[in-house]
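What follows is calculated from the coordinates using simple rules that are stated; it is not laboratory data. It should be emphasised that the depicted structure is a prediction, and the values quoted were computed from it without experimental measurement. As a convention, Cβ positions derive from the backbone with ideal geometry for all residues, glycine included, and neighbour counts pool all protein chains shown.
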Amino acid sequence: MPPRRGQVSHQDPSTTRARPPTLAEQRARQEAEQAELARRQAEIAEAERKAKLRKRLLIGGGVTVGVVALVAIWYAAQQPDDVTARCVDQNGVVVDDDYCDDDYARSHGASGHSGGVFIYSGGRQYSYNYGGTGSYGQKITGGSSVRPKDANITTASGKSIQRGGFGIRGGGGSSGGS
């Protein structure tokens, strides 16, 4: 039986040529390529946007950390020093803190106190030494008779004389004077 016209019974791959695409197939292929190109461009744009946002966040985070560190350093620098005041006599020997206490001085006949010096009857003078070292009965070493500003000053017995530092000016002193 002879082959029927319009039907392919066998196709030889070595001699067969592909038919050219139709106009509709060409358009569909172009649209698919354009859609793929647009999708790739959108992915690239989104990746760039995310990278830019990430970079801004990192820079912003770094700035925030830097500002926080700067504020912490500034605050630490503003903290008042802790200074110990020791009551000493006119020879610089450490005596009991009571001799430099306003209330004690008034109740025990001090004739007055001026500039942080307590004068008792008999001419004995007592004053505070700020920051010096020495224990009861010993001569004080170091320190100063000038009351430091913006410092937390406590006596050797633990009584607070002045609180100072960030936001506080002058002395809130309950004893001693300047």
| task | Sort 144-150, 42-48 for me by packing, meaning the mean count of neighbouring Cβ atoms within 10 Å per residue, highest on top. | result | 144-150, 42-48
| remark: Cα-based Debye curve of the range 1-105 sampled at q = 0.14, 0.15, 0.18, 0.21 Å⁻¹ gives log₁₀ I(q)/I(0) of -0.93, -0.96, -1.05, -1.13
| field | Under 5 Å, built H, 5+ apart or other chain: amide partners of residue 96 | value | none
| request: Give the cross-link partners of residue 139 among the lysines, using a straight C-alpha distance below 30 Å as the criterion and excluding same-chain residues fewer than 8 apart. | output: 149, 159
